[in-house]
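The values are calculated or read from the model by the stated rules, or taken from the named source; none is laboratory data. Computed from a predicted model, the values in this text were never measured in an experiment. Here the Cβ is made from the backbone with ideal geometry for all residues, glycine too, and neighbour counts use every protein chain on show. For accessibility, only protein heavy atoms count, side chains too; no ligands or nucleic acids. Shrake-Rupley method; radii C 1.70, N 1.55, O 1.52, S 1.80 Å.
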Amino acid sequence: MKRKCKIFKIVKWILLVVLVVIVTFLIVRAIGKAIYNQTPDGGINESMYIDVNGTKQWIHIYGKDIDNPVLLYLHGGPGSATSDIDYAFTRKWADAYTVVTWDQRNCGKSYDAEQNDIVLTRKLFMTDGKEVTEFLLNYLLKDKITILGHSWGSIYGANLVLEYPEYYECFIGTGQLVDYLENEEAFKQEAMLWAEDDNETLELINQLTPDNITMEHIIARNAIMQKYGYDMMVNGADYNLVATIIFNPNYSIIDWINYFKRDMSVYLDFFVSEEFASFSLIGRINYEMPFYNINGNKDYQTNYKLAQKYFEEVNAPYKQMFIMENMTHGLLESDSEGFSKIVHQIAKTERER
């Protein structure tokens, strides 16, 4: 009997400790969320679902001065929404721009399982981007906006500004993708130089099929990048990712549950499709607005050498290239402070031009 009472007391204390930890966590999280949900004086801090091309898609608008120019941030992927962490780095630009983050069709907080059977096409994405832009122009009372796109977002954004130049005053590409097939072939050639006589790497290279992208190709490519120190987050982040997730002002517990229930196979299908390849920028070099690029000199996920080559070919009213030293594809997180300084430099250049 005494033994049972002792076990009961131990269990009770364990449950009490667990309860205290949970309550403390929820209180700290609530305080953190409340802080990040504050609206700056004279600024804006709004989250909403808007009607986009027959769907509901989520956007967040944050800025310290409502009169600042508007910047629409396009996340990578395709389908890799960054709303779980992106406020930590995009808000660093918010004194120069009113920053809009957008979870694109059927990913992140815009995910809807009912869309899983929809075939993703270039036309669908272009219409989505156009409608989001038109909403922002009307809602924020602007004539034009700036686009900043990362990775997939860079080639998507470039397509948007080329197609609808009347809507955009500036383009900023980072981790600039020019042509997916060319990019994967260039990676294979780089990997062969790294490998030399390393049989393990040569076996992985044999699994690369740049003209026919498969999951085997993607897995082998990622393994090679990790082995030679070029993977996306090799440099970590210059801010606390765990704290960023815990204090995320835009995510409820239900949002996190839904985040892990997503079926992203529709994006895998798009990733290897001709529709994705049709976003290629090869030969499309005439921009009617300033063209900026910010790339890492260790980025082989979207090959920075191809981005430089394309940049040299671009015709634009003004253009400038920034190379971030020792940065791979995760430059937004790995050096968010350095990236922010460049964004501020671009904003200053645009004000003074």
**OP:** Based on a Kirkwood Rh over C-alpha pairs, give the Stokes-Einstein translational diffusion coefficient of region 53-175 at 25 °C and viscosity 0.890 mPa s in µm²/s.
**Re:** 170 µm²/s
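Determine the share of the chain's accessible area contributed by carbon and sulfur atoms, expressed in whole percent, with a 1.4 angstrom probe.
On the way: 9340 of 16810 Å².
Summing carbon and sulfur atoms, their accessible area is 56 percent of the total for the chain.
Under 8 Å for C-alpha pairs, at least 6 residues apart: give me the relative contact order for region 192-256, rounded to a whole percent.
Numbers: 25 pairs, mean separation 12.7, N = 65.
Rounded, it is 20 percent for region 192-256.
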**OP:** Determine the dipole magnitude for the chain: charges of +1 sit on the beta-carbon of Lys and Arg, -1 on that of Asp and Glu, nothing else is charged, the reference point is the Cα centre, and the result goes in debye to the nearest 20.
**Re:** 2240 debye
**OP:** Let me know the charge dipole size of region 199-266 about its Cα centre in debye, to the nearest 20, where only the beta-carbon of Lys, Arg (+1) and Asp, Glu (-1) is charged.
**Re:** 200 debye
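At a threshold of 8 angstrom on Cα-Cα distance, excluding pairs fewer than six apart, so keeping six or more, what relative contact order does region 48-171 reach in percent?
Working: 204 pairs, mean separation 37.5, N = 124.
This gives 30 percent for region 48-171.
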Original post:
Could you state the per residue volume, in Å³, of the convex hull enclosing the Cα atoms of region 143-263?
Top reply: 180 Å³
**OP:** Evaluate 2.2 N^0.38 Å with N set to the residue count of region 243-292, then give the Cα radius of gyration divided by it.
**Re:** 1.88
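Rounded if a/c is under 1.5, else prolate if a/b is larger than b/c, else oblate: which is region 274-349, with a ≥ b ≥ c the root eigenvalues of its Cα gyration tensor?
On the way: a/c = 2.04, a/b = 1.21, b/c = 1.69.
Here region 274-349 falls in the oblate category.
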Subject >> Zero-based 10 Å bins, Cα pair distances in the chain, whole percents >> reply: 5, 23, 32, 23, 10, 4, 2, 1, 0
Original post:
Taking the alpha carbon gyration tensor of region 188-341, what are the square roots of 5 times its eigenvalues, largest first, to the nearest whole Å?
Top reply: 26, 25, 20
Original post:
Kirkwood Rh over Cα pairs of region 88-134 into Stokes-Einstein at 20 °C, 1.002 mPa s: D in µm²/s?
Top reply: 170 µm²/s
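Just tell me the longest site-free run in the chain, where the sites are GluC sites (Glu not before Pro) in a DSSP loop having at most 12 other beta-carbon atoms within 10 Å.
Working: sites that count: 196, 325.
With a cap of 12 other Cβ atoms within 10 Å, the longest stretch comes to 1-195.
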**OP:** Give the value in nm², to one decimal: projected area of the alpha carbon convex hull of region 116-208, averaged over all directions.
**Re:** 8.4 nm²
Original post:
Heavy-atom accessible area per residue, region 181-228, 1.4 Å probe: how many Å²?
Top reply: 57 Å²
Original post:
Using only the Cα atoms of region 215-268, what do you get for the radius of gyration and for Dmax, in Å?
Top reply: 15.4, 38
Subject >> Dipole magnitude (debye, nearest 20) for region 102-230, charges at Cβ of Lys, Arg, Asp, Glu >> reply: 520 debye
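Once the convex hull of the alpha carbons of region 183-229 is built, what does its volume come to per residue, in cubic angstrom? Kindly include the intermediate steps, with their values, before the conclusion.
Numbers: hull volume 2.9 nm³, N = 47.
Hull volume normalised by residue count: 61 Å³.
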Original post:
Given the rule -39500 (n - 2.57) for each run of at least 4 DSSP H residues, summed and divided by the residues of the chain, what is its mean residue ellipticity at 222 nm, to the nearest 500 deg cm²/dmol?
Top reply: -14000 deg cm²/dmol
Subject >> Percent RCO, i.e. relative contact order, over region 136-199, from Cα pairs under 8 Å lying at least 6 residues apart >> reply: 30 percent
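So which of 92/319; 109/188; 56/142 end up more than 28 Å apart by C-alpha?
Numbers: 92/319 23 Å; 109/188 35 Å; 56/142 23 Å.
Result: 109/188 exceed 28 Å.
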Original post:
When DSSP beta bridges are limited to those with both residues in the chain, what percentage is antiparallel, rounded to the nearest 5?
Top reply: 35 percent
**OP:** Just flag the chymotrypsin sites (Phe, Trp or Tyr not before Pro) in region 166-268 sitting in loop per DSSP whose Cβ has no more than 10 other Cβ atoms within 10 Å.
**Re:** 260
